[in-house]
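Notes follow once the structure below has been shown.
The values are calculated or read from the model by the stated rules, or taken from the named source; none is laboratory data. Computed from a predicted structure; not experimentally measured. Cβ: placed from backbone, ideal geometry, glycine included. Neighbour counts: every protein chain shown.
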Amino acid sequence: MRASLLTRALLVGASGWFLVLACGSRTGLPPGRVISSAGSDGLAGAPPDPGCTTAADCPQPPPDRCGSAACTDGVCSLDVGEVCDDGDPCTVDACTPMGCTFTSGRVDADGDGAFATGTTADPKAALGCGKDCDDTTSEIFPGAIELCDGLDNDCNGIVDDGTQLQVTGMAPIQVSPPDAEHAEAAGLAFDGESFGASMTSWFGRSQGQFQQLTAQGQLVGPPQRVARVNAAAYGGSLVWSGERYLTAYQDARQSQNYEIYFDLLNRKGERLIPDLRVTIADDYSLRPSVVWTGAEGLLIWDDRRFEDGGGTSAIFGQRVSIEGKLIGANVQLSPPGLEAENAGVALSDAGLGIAFVSLDAAGTSSVKFMTTSRSLGEISGPTAIDFENADGPVVTALKDEYVVTFHQFDSVTYGPSIFGVVIGKDGVMRAPQSMTVGAAHAQGNATYSYGDRFVMVWADDQDGRYQLYAQIFDKKLAPMSTRLRLTTTQTDTHAASIAPSADGGLGVLYTDENNGKPKTFFTRLDCKAAFELK
Ligand SMILES: [Ca+2]
Ligand SMILES: [Ca+2]
Ligand SMILES: [Ca+2]
Ligand SMILES: [Ca+2]
């Protein structure tokens with residue numbers, strides 16, 4: 001009895017091993033045991049084993065065919081059957097013992113009554129099965145009321161359409177510490193719940209600081225010093241990745257030679273990594289901007305590394321991972337030999353648009369525009385904007401188009417207006433045009449894109465002093481709203497950074513000159529939905 005059981009076990013074992021070769025199926029028996037019984041030369045000497053014991057051991061028909069496998073006398077056979085496909089991408093095609101079945105694959109996971117565009121297999125697939133452009137939230141479906149929330153509630157492809165920004169009447173909130181000798185605004189971003197503000201504050205010497213603010217602008221906790229170095233440091237550009245802030249700035253810790261550094265910060269502004277040094281260059285590297293692609297950070301800055309050798313300043317870029325590691329090396333983006341500085345940058349569907357100031361031998365400035373891919377390769381341009389003494393460029397991406405907004409500066413005084421130029425998706429630059437009216441001098445601007453339109457905040461002197469104004473413009477630079485006045489101060493206000501909050505309002509961080517003792521302030525515009533305006 002013992003011997004017979006052992007023999008049977010060996011036979012089944014050998015049979016299982018044979019099936020592994022014949023049918024690609026697994027028996028669950030340890031192969032080592034079988035090999036030892038059959039010898040190292042495989043099948044040699046093994047009895048002629050059956051190919052299968054049940055149909056489950058056999059190759060099965062593909063998922064879209066309604067056939068069946070069979071095991072007859074140890075031999076597999078397969079009837080692949082008919083193809084189960086009703087040609088409707090929104091049904092689930094299956095084979096049952098009764099034949100092909102086609103059941104609806106439509107899904108309304110968020111329960112808002114609108115089906116997802118895809119099916120249960122991939123709700124986001126663009127199959128036209130339903131019209132819910134976001135089946136993960138019941139705030140978004142065709143016919144939903146458009147709310148002030150930075151979302152396209154009614155699925156018409158336009159964020160917050162029909163909404164308006166309005167002045168609040170709030171008193172501006174001082175963000176810079178009272179004990180700072182002076183302070184200048186550097187960057188503003190929103191983390192989903194609160195704002196992060198970046199500024200340069202002077203305490204004998206400059207340091208970069210971060211301050212958390214509520215959506216309404218109330219200070220949360222103390223300011224955080226970013227670079228903790230025994231040297232001059234500056235507040236930097238700031239973006240929120242969805243989980244953490246990315247910031248980049250210059251400081252002089254390297255023997256008074258300004259270099260670019262990168263940091264990751266939490267919501268409170270506490271550093272998550274040791275400062276990452278981005279440049280190792282002769283002479284200064286300055287004014288970095290940070291862009292978040294959704295996957296990594298891109299830094300764009302002015303670099304003077306060639307100036308000691310008689311060369312020109314240049315625009316450089318660097319990719320950085322969300323873990324705070326450099327990806328590749330510094331990349332020179334502006335052409336060799338071209339004087340290039342003070343870059344503005346924005347990310348479009350197509351890639352990165354970069355505008356920078358170029359000075360000719362006579363010191364006359366012009367603005368040039370170029371594009372590059374997210375990997376900082378495939379550089380196109382630069383193309384000069386045909387405008388004398390153009391300066392201070394800011395880039396806004398409108399899906400696959402760009403707008404460059406800038407002021408005019410002849411090294412003594414500012415021009416009368418903020419100007420803009422559209423670069424179409426064909427890459428062709430349209431004629432520059434004046435966007436603001438009524439002032440003798442206008443300077444500096446900041447923009448935020450809603451995809452089909454953008455809001456611009458700038459400073460001009462139409463009320464005597466430089467004050468901040470906001471207005472919304474369409475893709476052709478035509479005004480879509482009245483001009484809103486943001487500041488009412490006895491001294492100049494300027495240098496705005498802007499970011500929208502979750503309620504569709506617009507946070508504005510700026511510098512108030514405060515009679516020669518500049519301070520950093522916050523104010524905001526509220527958003528009103530169309531139904532609230534009626
Ligand atoms: Ca739905
Ligand atoms: Ca939905
Ligand atoms: Ca919409
Ligand atoms: Ca909305």
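Residue by residue, here is whether (1) at pLDDT 95 or above; (2) at negative phi; (3) not in a strand (DSSP E or B) holds:
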site	(1), (2), (3)
K268	yes, yes, yes
P274	yes, yes, yes
I280	no, yes, yes
S289	yes, yes, no
G309	no, yes, yes
Q318	yes, yes, no
E323	yes, yes, yes
I327	yes, yes, no
S334	yes, yes, yes
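Does V167 satisfy being of a type in the set (A, V, I, L, M), more than 29 Å from E296 (Cβ to Cβ) and modelled with pLDDT of 95 or more? Yes; evaluated as a whole, the condition is true for this residue. Quick check: anything in segment 243-263 at pLDDT 95 or above, closer than 20 Å to L347 by Cα and basic (K, R)? Scanning segment 243-263 turns up at least one residue that is at pLDDT 95 or above, closer than 20 Å to L347 by Cα and basic (K, R). In summary, D160 fulfils each of the numbered conditions (1) buried (at least 22 other Cβ atoms within 10 Å of the Cβ); (2) within 16 Å of ligand 1 (Cβ to nearest atom); (3) among the acidic types (D, E) with the single exception of condition (2). Output yes when any residue across segment 91-111 is within 16 Å of ligand 3 (Cβ to nearest atom) and among the aliphatic types (A, V, I, L, M), and no when none is. No, segment 91-111 contains no residue that is within 16 Å of ligand 3 (Cβ to nearest atom) and among the aliphatic types (A, V, I, L, M).
Within segment 100-114, residues that are of a type in the set (S, T, N, Q) sit with their Cβ atoms under 8 Å from residues that are more than 9 Å from ligand 2 (Cβ to nearest atom) and assigned to a loop (DSSP other than H, G, I, E, B), at 6+ positions apart or across chains, in these pairs: T101/C84; S104/C90. Of all residues in segment 328-354, those that are within 14 Å of V291 (Cα to Cα) have Cβ atoms under 7 Å from Cβ atoms of residues that are modelled with pLDDT of 95 or more and outside any strand (DSSP E or B), 6 or more apart or on another chain, in L347/T293; G351/S373; G351/R374; L352/R374; I354/L333.
Taking segment 137-181 as the range and being of a type in the set (G, A, S) and within 30 Å of A109 (Cβ to Cβ) as the test, the residues that pass are S138, G143, A144, G150, G157, G162. Regarding I145, is this residue in contact with a helix residue (DSSP H, G or I) (Cβ under 9 Å, 6 or more places away or on another chain) and within 16 Å of ligand 1 (Cβ to nearest atom)? Judged against the criteria, I145 is a match. Cβ-Cβ contacts under 6 Å between residues 6 or more apart (or on different chains), taken from a first residue in segment 123-147 that is outside any loop (DSSP other than H, G, I, E, B) to a second residue that is within 7 Å of ligand 2 (Cβ to nearest atom) and at pLDDT 95 or above, are listed as D132/A114; D132/F141. Going residue by residue through segment 274-285, is there one that turns out to be over 23 Å from G504 (Cα atoms) and in contact (Cβ under 8 Å) with a residue 60 or more places away in the chain? No: segment 274-285 contains no residue that is over 23 Å from G504 (Cα atoms) and in contact (Cβ under 8 Å) with a residue 60 or more places away in the chain.
Looking at V167, V159, just one residue is among the β-branched types (V, I, T), in contact (Cβ under 8 Å) with a residue 60 or more places away in the chain and more than 12 Å from ligand 4 (Cβ to nearest atom), and that residue is V167. Condition check: surrounded by 19 or more Cβ atoms within 10 Å (Cβ to Cβ) and in a loop (DSSP other than H, G, I, E, B). Does T436 satisfy that? Considered against the rule, which asks whether it is surrounded by 19 or more Cβ atoms within 10 Å (Cβ to Cβ) and in a loop (DSSP other than H, G, I, E, B), T436 comes out as yes.
Being within 22 Å of I498 (Cβ to Cβ), surrounded by 16 or more Cβ atoms within 10 Å (Cβ to Cβ), away from ligand 4 (no atom under 16 Å from the Cβ) and among the acidic types (D, E), is that true of even one residue in segment 143-151? No, because not a single residue in segment 143-151 is within 22 Å of I498 (Cβ to Cβ), surrounded by 16 or more Cβ atoms within 10 Å (Cβ to Cβ), away from ligand 4 (no atom under 16 Å from the Cβ) and among the acidic types (D, E).
When the residues of segment 92-107 are narrowed to those that are of a type outside the set (G, A, S) and not in a strand (DSSP E or B), which ends up farthest from R65 (Cα to Cα)? In this case the residue turns out to be V107.
Is it true that A183 is over 17 Å from T447 (Cα atoms), in a strand (DSSP E or B) and away from ligand 1 (no atom under 16 Å from the Cβ)? So A183 passes the test. From the list A397, A346, A390, the one residue that fits, being under 25 Å from A470 (Cβ atoms), at pLDDT 95 or above, among the hydrophobic types (A, V, I, L, M, F, W, C) and touching a Pro at 6+ places or on another chain (Cβ under 9 Å), is A390.
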